[in-house]
Structure formats: C-alpha cells, structure tokens
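Have a look at the structure below, then the notes.
Every number here is computed from the coordinates shown, using simple stated rules; none is lab data. Note that the structure is a prediction, hence the values are computed from the model and not measured. Using ideal geometry, Cβ is built from the backbone for each residue, glycine included, and neighbour counts are taken over all protein chains shown.
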Amino acid sequence: MRRRARTALRHWGAVAAFVGPFLGMLALFQYVPVFTMLRDSLFDFELLNPDVRKFVGLANYLDLFEDPDRRQAFLVTFGFAAGVVCTVIPVAFAIAVYLNGRLPARAIVRTVVFLPVVTSAVVIATMWTFLLDPSNGLINGALSLFHLPRLEFLTSKAQALPSIIGMMLWQQTGFATVLFLSGLQGIPAELEDAARVDGCTALQRLRHVVIPLLARTTVFVVVIMTVFSLQAFAPALIMTGGGPEGTTNFIAFDIYQLAFSLQQPGLASAVSTVFMLIVLAVSLVQMRLLRARWSY
C-alpha cells in the first residue's frame, strides 16, 4: 500500500510539474481578467483614479443597449463579419481546388496566397492605408492612368467598410485556403474516380461529391473566419479611426475608445462582457454543428 501510495504521489507530482505552470498562467491571464472585467462592468469609475468608484449595478448594460453609438458598433461589426465570410469562403475554396489539382505554378500561388497570413496585422493595415489613400494612393494612381475617377475609399461612408473587407479578403484567404486544401486532400480519390467512371463532369463531381464531403471543413472555416472578423481591431485603429461617422467603428475598437479615450472603463467592461458572450455563442454553435454526423 505504501509503495502504491508513493507511486501515485510521484505520478501526480509529475503531472503537477508539467500541467501546473500552464494552469497557473491560464488562471492568471485568462480567468482573473475575465473576473475583473465582470466586476468592473458593475461600477462607474475612471482609469486615472480607479480607487474612486461607484457601484451602478446593471446601469452600464442599460446604457450599452440604449446608446445608438454602441448599437451601431455592433451592427457594423456583424456586417463586417458577414462581408468577410461571404467573400473569403468562395475565393479560398476556388484557390484550394486549383492547388489540389495538377496545374502549373501551384508552388508560386501557394506562397503568394499564404504570405499575408504570416504578416503582422499592423503592417498590413499600414500598407493598405498607403494603397487606399484618396490623394496619393497607388490604387488611385493606377485609376488615373486609365482616366478613371478617383475613389475616396477610407474617407467615404459608402466605401470605407467595403475597402476594409477587401483588405481582410487579401489577408485571410490564405488561411482559409490551407484549411480547405487539407479537407480536399482528405477526400478518398476512389470516390471521385467512381464518379468519373459514371460519366460525371468536373462540375458535377465538385457539386455532388466534393462539396458535401467538405461540410465539416466548411463549417469550421466559416466559424473561424467569423471569430477573426468579430475581433478586428487594427484596421479601425490604423486606417480609419472608426470613421467616417462610425461606419468602421468595430466593437474591439469601440471598447478601446471607451476605456482609454473617453475614460469609461465600466461601460467598456460591459461592452466587453456582451462581446465575450457573443463570441462564446459562436463557439457553441461551432461545437453543435461539428457534432453533426456526415456520411463519408
């Protein structure tokens, strides 16, 4: 019994030595900030004087839902996420199908497509700010060469959000392509060969064989792209400052503005809490959908 107890003690000691630091860091950098955020959302105070605070209960949450600026920030973020998903998914799928075939220049296309994924979001936002500059931007310069009218891009209420969606399409397509490509390479070749023998065209094989078998991968890519889009921050901070007139005021940037510029960390914590619940709901939807069983 003593030997068995010593063995169990050594076993749990080894587990604690390997897992303990991770759990400690997880609690310190994940759960403690979440608890602090939930607590601060119930108070009214300023960051410059955090010790002087007033308990307001759910008043910050009521202000959140009654403030038109906050509602606009949520609507803009959801519209941005929908735009990114609806553009990235088909483009990434088409490129993945191309890379999965025996066509020329696959290595070059693979490198070019994936390069933006490993580039810093700040660098990409800064680069696209110069490209989309209304007066001296490279894109407007190219339009002038063809005697086409210049576009306002980031300074127009109608063009600012689509311009950032276009930038996100360029940045995130590579990551979605890699996920789709891994799903395509996991499809048994015998199924496509059988469909080819039955006389199916390439389009019919794609529609009736490939796309149904990529259901799990497609769900995963949609959820990942949605979460990435909901967390967008650098484009609003660097490219537009949330303007013009709040048309690119994403939730993450709005939280930053509330906490550090407007000195309303209590309201910012309330917005962060609601935002966290939304992202959690998206994750739960992912888990629910991925539990569905498809026949392979």
The long-range amide H neighbours of F43, using H built 1.01 Å from N in the peptide plane and a cut-off of under 5 Å, are V56
Let me spell out the model: positive unit charges on the Cβ of Lys and Arg, negative unit charges on the Cβ of Asp and Glu, origin at the Cα centre of the chain. What dipole size does that give, in debye rounded to 20? 1700 debye
Go ahead and run the numbers for FRET between K157 and A14, Cβ-Cβ distance against an R0 of 51 Å, rounding to 0.05. 0.30
Which whole-number percent gives the relative contact order of the chain, counting Cα pairs below 8 Å spaced six or more residues apart? 28 percent
Ranking of S120, S41 by count of other Cβ atoms within 10 Å, fewest first: S120, S41
Full-stretch length increase - F55, M127 - with 0.36 nm per residue and alpha-carbon distance subtracted: 21.5 nm
Report, largest value first, the span of the C-alpha coordinates of the range 176-263 along each principal axis, in whole Å. 67, 21, 16
Using +1 at the C-beta of Lys and Arg and -1 at the C-beta of Asp and Glu, which of H147, G186, W128 has the Cα lying farthest in the positive direction of the dipole of the range 58-206? H147
Over the chain, what portion of Cα pair distances is larger than 24 Å, expressed as a whole percent? 66 percent
Measuring from label point to label point, each 7 Å out along Cα→Cβ, what is the L280 to S135 span in nm? 4.8 nm
Given Cβ charges of +1 for Lys and Arg and -1 for Asp and Glu, the option among V285, L99, G20 whose Cα lies farthest towards the positive end of the dipole of the chain is G20
For the chain, the helices passing both cut-offs (Cα extent along own axis of 30 Å or more, Kyte-Doolittle mean at least 0.0, full DSSP H runs) are 2-26, 68-100, 160-185, 265-290
Are there chymotrypsin sites (Phe, Trp or Tyr not before Pro) in the range 142-214 that DSSP marks as loop and that have at most 16 other Cβ atoms within 10 Å, and which are they? F146
FRET efficiency, H208 to A94 (Cβ-Cβ, R0 25 Å, nearest 0.05): 0.90
In deg cm²/dmol, rounded to 500, what helix-only [θ] at 222 nm does the chain give when every DSSP H run of at least 4 residues adds -39500 (n - 2.57) and the total is split over its residues? -21000 deg cm²/dmol
Which order do K157, K54 fall in if you start with the one that has the fewest other Cβ atoms within 10 Å? K54, K157
Just subtract the alpha-carbon distance of C86 and L115 from 0.36 nm times their residue separation and send over the number in nm, one decimal. 8.3 nm
Roughly speaking, what is the stretch gain from Q30 to L145, that is 0.36 nm per residue apart minus the C-alpha to C-alpha distance, in nm to one decimal? 36.2 nm
Which distance in nm do the two modelled labels at R39 and I108 give, with both placed 7 Å along the Cα-to-Cβ direction? 5.9 nm
